[in-house]
Structure formats: structure tokens, C-alpha cells
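Q: One structure is given below, represented as C-alpha cells, and several questions about it will come after.
The values are calculated or read from the model by the stated rules, or taken from the named source; none is laboratory data. On a predicted model such as this, the values are computed, not experimentally measured, just so you know. All Cβ positions, glycine included, derive from the backbone under ideal geometry; neighbour counts span all protein chains shown. SASA here: full protein model, heavy atoms, side chains in, ligands and nucleic acids out. Shrake-Rupley method; radii C 1.70, N 1.55, O 1.52, S 1.80 Å.
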Amino acid sequence: MCAAQAVTRPEQLQSLAQWLLARIAQESGVPTPTLSASLLGQLARHPLRGNVRELENLLHRALALAGDRSAIPTLHEKLTSERAGVALAALEALRQLKEPLDGVLPTLVRHPDEEVVKQALGLAIGSDSAVALGVLREALGHPTWHVRAFAVTGLARVASARSWLSERARVETDPNVQRSLEQALETLDQPGEG
């Protein structure tokens with residue numbers, strides 16, 4: 001069966017899900033769990049849009065969320081996958097396992113998919129670590145304006161980022177990012193802000 005092929009029948013879903021789960025478990029070096037009738041029912045109701053890749057991503061997440069921390073190294077490897085769905089599923093699984101994420105943010109901010117980069121920036125905005133601030137600063141040089149603007153939004157909350165934002169404002173050519181930079185600098189200039 002082709003990975004992009006549709007899954008349309010319940011018996012097809014069950015056998016494919018069990019096969020995928022066995023493969024994922026083997027790759028992760030953990031025993032293959034059995035799919036319960038309850039989980040199969042949930043999968044059948046999930047809006048998979050018939051896509052096998054979506055099913056695979058869900059099973060990766062489910063295995064990680066089962067509490068087997070031995071899957072964590074595999075999840076870290078999956079973060080570098082060029083397939084955005086795989087990287088996002090691994091990131092979500094690591095979040096659910098409450099795994100520290102500062103160490104993966106620099107990898108994620110360089111991901112080729114913008115949605116993965118935005119997720120990394122969202123995590124960085126919620127953190128005050130030096131790594132998170134470095135990731136936000138690095139994103140100021142991202143090729144797309146909306147990622148740069150998102151990074152500016154995060155840095156606008158950090159008083160020590162004023163010099164980075166001022167420096168970027170001098171070289172930024174996109175009017176949308178320029179507007180974000182002006183707003184961020186105004187926010188930092190207000191008494192009691194930043």
C-alpha cells in the first residue's frame with residue numbers, strides 16, 4: 001500500500017495500524033503494544049482524511065504518550081525529519097511527556113517547514129532561558145516575513161532584546177516586519193514594560 005493511499009475500511013485500518021505500530025515500536029526499540037478495541041474505535045473516528053501518514057503520526061504520538069520513556073531518543077531523531085507532520089508529532093509527544101525542550105529549539109528553528117519553526121518559536125516565547133532567547137534572535141534572520149514578525153513578538157516581551165530589535169529595524173526591508181519591530185520597540189519604551 002502506498003503511504004499516501006487512502007484507508008477506507010475498518011478492517012483495513014486495524015491491520016494497517018497494527019503493522020505500523022509494530023514497525024514504530026521496533027524502530028524505537030520497545031515491545032509492540034496491542035491495539036485495544038477502544039483505541040481502534042478512536043482511530044476510526046479520528047479525521048484521518050484517509051491518509052496513512054496521518055495515521056503513522058498518530059501512532060508515533062500514542063506510543064510516546066504510553067509513558068515509555070525509552071522512545072524519547074527516537075522522538076528527538078524524528079524532530080529532524082523533513083516531513084513536517086513527523087516533526088510536529090514528535091514535538092507534541094515530547095511536550096506531553098514533559099520532556100525539557102530547550103535543547104531541541106535550535107534544531108527546530110532551522111527546520112525547512114515554517115509550521116515547525118513557528119511551533120519552536122511558540123515554545124521559545126514561553127521560556128526565559130538563554131537558549132530560547134537565542135532561538136528568537138536567530139529567527140529574526142528567517143527568510144519569511146511572518147516568521148520574523150513572530151520572533152519580534154516574542155522578543156518584545158524581553159527588555160534585554162531591545163538592542164537586537166533596534167539592530168534588525170535598521171536592516172529590515174519587509175513593511176510587515178518593520179511594523180512589528182516599531183510596535184515592539186514602542187512597547188519596550190513604555191514605562192513598566194519589558
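Q: Give me the extension gain from D128 to N51: residue separation times 0.36 nm, minus the current Cα-Cα distance, reported in nm with one decimal.
A: 23.9 nm
Q: Same structure, new question: By how many nm would the segment from Q190 to S160 grow when fully extended, if each residue of separation counts as 0.36 nm and the alpha-carbon distance is taken off?
A: 9.4 nm
Q: Going by amide H atoms built from the backbone, whose H comes under 5 Å of the H on N51, apart from near neighbours?
A: HN-HN under 5 Å from N51: V7.
Q: Can you pull the one-decimal nm distance between simple spin-label points at D102 and A169, each 7 Å off the Cα toward Cβ?
A: 2.9 nm
Q: Rank V135, Q183, V152 by how far each Cα sits towards the positive end of the charge dipole of region 129-194 (+1 on Lys, Arg Cβ; -1 on Asp, Glu Cβ) and give me just the farthest.
A: Of the candidates, V135 comes out farthest on the positive side.
Q: Continuing with this model, one more query. Where the eigenvalues come from the Cα gyration tensor of region 122-194, what are the semi-axes √(5λ) of the equivalent ellipsoid, largest first, in whole Å?
A: With the √(5λ) rule applied to region 122-194, the semi-axes are 17, 15, 10 Å.
Q: With a point put 7 Å past each Cα toward its Cβ, work out how far E82 is from Q26 in nm, to one decimal.
A: 2.5 nm
Q: What is the magnitude of the charge dipole of region 97-184 about its Cα centre, with +1 placed on the Cβ of each Lys and Arg, -1 on the Cβ of each Asp and Glu, and no other charges, expressed in debye to the nearest 20?
A: 220 debye
Q: Run the 1.4 Å probe and let me know the accessible area of D189, rounded to the nearest 10 Å².
A: D189 has an accessible surface of roughly 90 Å² with all protein chains in place.
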